[in-house]
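**Student:** A single structure is presented below for examination.
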There are 2 protein chains.
Amino acid sequence: MPDSTPLAAAEHPAQALRRAIRSGDHATHTSGQAPGYVQANLAILPADYAREFLTFCQLNARPCPLLAVGDAGNPFLPTLGEDIDLRSDLPGYRIFVEGEEVDRVSDITSYWRDDLVSFPLGCSYSFEEALLQDGVPLKHIQHGERVATYVTNIDTVPAGRFHGKLVVSMRPMKAADAIRAIQITTRFPNVHGAPIHIGHPEAIGIDDLAYQHFGGAPPRMDEHDIPVFWACGVTPQIVTEATKPSFCITHQAGHMLVTDLRNSQLSTL
Amino acid sequence: MPDSTPLAAAEHPAQALRRAIRSGDHATHTSGQAPGYVQANLAILPADYAREFLTFCQLNARPCPLLAVGDAGNPFLPTLGEDIDLRSDLPGYRIFVEGEEVDRVSDITSYWRDDLVSFPLGCSYSFEEALLQDGVPLKHIQHGERVATYVTNIDTVPAGRFHGKLVVSMRPMKAADAIRAIQITTRFPNVHGAPIHIGHPEAIGIDDLAYQHFGGAPPRMDEHDIPVFWACGVTPQIVTEATKPSFCITHQAGHMLVTDLRNSQLSTL
């Protein structure tokens, strides 16, 4: 039976979705849910690693756009949503010990520790919504596929134990759409911003667009399409996995932190 | 002997350059002169053609960005410079009768008529200055060459007797510079604005970049360069020539109207 208190009536879609996730009523990915609201990648690290990872994110803001930073041991992120509790508000988490995945859970209360620092990171969903609203077609969405991602030959700026290659996502576009996409995503520096590359894949170490480094079907390149490459949130994931921190929690792919921020609020113009 | 009145001392570089042109002391092109100030293409047409040409410019603002419109018979353009007299302030003019060039002169006082309407049009010099100031290399400038220009298969929007294909200028760039150039030129809608095409030349009817439709050496394309195409001010020139108006005056190539506007004032951001 739906909650009908005045408070519940005032809930907006992001709060309602988080409530459903928290109660177990929504247990799958968050793609397409609470449209208009910012969804975030999540990395949670012990304080021992937090300063280095924070530095890494600040030095590599294109792949690692921080939306906030949690206080050590504090699972709340009031600037992203008054009632957010990171221990229960994502539908899926991955638990890593020394770089090895040891568990997948829908609640991390039992794993929470006093030294954990949370890092919510902007995600391409936000700029993809802006592109679609502007009429820029996104083929992977039209065909219900994952966006194509590749490891480049571009080094991230290292920080302490964190270092690795930049991962990019690629969206094939007609030239006019590519130009428009550059204009639109430039307005969203907190969700990867403008593309980091267009055209020649081999210039950034991608020999064959058909071969994705993390699996997935070859992207759909039509005649006169230009490949447009954005820095990708997979970058901090592979960098963190390679660092093999003593302990780490991340979201499961597509099982994001849904925030109260609107995507349009991330636009600088 | 230099003029040393207080008024002359207050002149800024654009005014000083116009004074030198007016007096015959500066009789060549204006490229690189009065840096920072907007230089404009110029078309002058009889009132009989003016409304149609004005409409053409408004419908095709990317190739034909109007900076002002003169009153019929009035050779002054106070919004572009208090003292501008279009009859004497450009170093070179071309006179056309029925589409045929009949004269090249450095003063059009004897050709001026009560029905002439002037159309100063923004020029790529303004955005090229912004690109160079931002560190985006422009190879044609580095090598002292003219920018490469091509007739595309893209129709302009016709207006009355004015119609024709879009002409573009092309600048080869590395991908990161092309992305930055799109961001910078987007701020300058009154001087052609963002590129209209990137990548595949054949997608806009250019079969071979080495062959320029108006002559000129093949552009310098290096490995991984992307061709970046902007709408070009040659478009209104060829459209006007094809229309063969009863009478027409234009600037000579590179012999521009130097205005008191600063290039930075054309930036929308």
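The values are calculated or read from the model by the stated rules, or taken from the named source; none is laboratory data. Remember, predicted model here, so these are calculated numbers, not experimental data. Note that we place each Cβ from the backbone using ideal geometry, even for glycine, and neighbour counts take in every protein chain shown.
**Student:** Name the single residue, out of those in the range B:115-145 being in contact with a strand residue (DSSP E or B) (Cβ under 9 Å, 6 or more places away or on another chain), charged (D, E, K, R) and within 30 Å of B:Gln183 (Cβ to Cβ), that is surrounded by the most Cβ atoms within 10 Å (Cβ to Cβ).
**Tutor:** Looking at the filtered set, the residue picked out is B:Glu128.
**Student:** Here's something else I'd like to know. As an exercise: evaluate B:Met1 against (1) outside any loop (DSSP other than H, G, I, E, B); (2) at pLDDT below 95; (3) among the aliphatic types (A, V, I, L, M) and give the number of the one condition it does not meet.
**Tutor:** Failed condition: (1).
**Student:** Being within 17 Å of the chain's Cα centre (by Cα) and among the hydrophobic types (A, V, I, L, M, F, W, C) is the filter here, so list the residues in the range B:134-156 that pass it.
**Tutor:** B:Ile141, B:Val147, B:Ala148, B:Val151
**Student:** Can you pull out the residues in the range A:230-246 that are closer than 22 Å to A:Pro201 by Cβ and either free of Cβ contacts under 8 Å to residues at least 60 places away in the same chain or out of contact with any Leu (no Cβ under 7 Å at 6 or more places or on another chain) (or both)?
**Tutor:** A:Trp230, A:Cys232, A:Val234, A:Gln237, A:Ile238, A:Val239
**Student:** Let me ask another. Kindly check whether there is at least one residue in the range B:86-97 that is aliphatic (A, V, I, L, M), assigned to a loop (DSSP other than H, G, I, E, B) and in contact (Cβ under 8 Å) with a residue 60 or more places away in the chain.
**Tutor:** Yes: the range B:86-97 contains one or more residues that are aliphatic (A, V, I, L, M), assigned to a loop (DSSP other than H, G, I, E, B) and in contact (Cβ under 8 Å) with a residue 60 or more places away in the chain.
**Student:** Quick test of your reading of the structure: B:Pro227 fulfils all but one of (1) part of a strand (DSSP E or B); (2) within 14 Å of chain A (Cβ to nearest Cβ); (3) out of contact with any Leu (no Cβ under 7 Å at 6 or more places or on another chain); (4) not acidic (Asp, Glu). Name the failing condition by number.
**Tutor:** It fails just one condition, (3).
**Student:** Among the helices (runs of 4 or more DSSP H) lying completely within the range B:113-210, list those that include at least 1 residues that are farther than 30 Å from B:Glu98 by Cβ and within 14 Å of chain A (Cβ to nearest Cβ).
**Tutor:** The helices (runs of 4 or more DSSP H) meeting that bar are B:175-186.
**Student:** For the range B:230-241, check the following and say yes or no: at least one residue is in contact with a helix residue (DSSP H, G or I) (Cβ under 8 Å, 6 or more places away or on another chain) and either within 14 Å of another protein chain (Cβ to nearest Cβ) or surrounded by fewer than 18 Cβ atoms within 10 Å (Cβ to Cβ) (or both).
**Tutor:** Among the residues of the range B:230-241, at least one is in contact with a helix residue (DSSP H, G or I) (Cβ under 8 Å, 6 or more places away or on another chain) and either within 14 Å of another protein chain (Cβ to nearest Cβ) or surrounded by fewer than 18 Cβ atoms within 10 Å (Cβ to Cβ) (or both), which makes the answer yes.
**Student:** Return the residues of the range A:9-36 that are free of Cβ contacts under 8 Å to residues at least 24 places away in the same chain and loosely packed, with under 13 Cβ neighbours inside 10 Å; say none if nothing qualifies.
**Tutor:** A:Ala9, A:Ala10, A:Ser23, A:Asp25, A:Gly32
**Student:** For A:Glu52, indicate whether it is in contact (Cβ under 8 Å) with a residue 12 or more places away in the chain and assigned to a loop (DSSP other than H, G, I, E, B).
**Tutor:** no
**Student:** Also: Take the conditions buried (at least 21 other Cβ atoms within 10 Å of the Cβ), of a type in the set (Val, Ile, Thr) and within 23 Å of A:Phe214 (Cβ to Cβ) and apply them to A:Val102. Does it pass?
**Tutor:** So A:Val102 fails the test.
**Student:** When you check B:Pro245 against the structure, is it part of a loop (DSSP other than H, G, I, E, B), away from every other protein chain (no Cβ under 14 Å) and at pLDDT 95 or above, yes or no?
**Tutor:** yes
**Student:** Please work out which one of (1) within 13 Å of chain A (Cβ to nearest Cβ); (2) in contact (Cβ under 8 Å) with a residue 60 or more places away in the chain; (3) charged (D, E, K, R); (4) closer than 30 Å to A:Asp222 by Cα is the condition B:Arg220 fails and give its number.
**Tutor:** B:Arg220 satisfies every listed condition except (1).
Quick grid of which residues meet (1) surrounded by fewer than 22 Cβ atoms within 10 Å (Cβ to Cβ); (2) modelled with pLDDT under 95:
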| site | (1), (2) |
| --- | --- |
| B:Val38 | no, no |
| B:Phe76 | yes, no |
| B:Glu82 | yes, yes |
| B:Asp85 | yes, no |
| B:Val97 | yes, no |
| B:Thr109 | yes, no |
| B:Arg113 | yes, no |
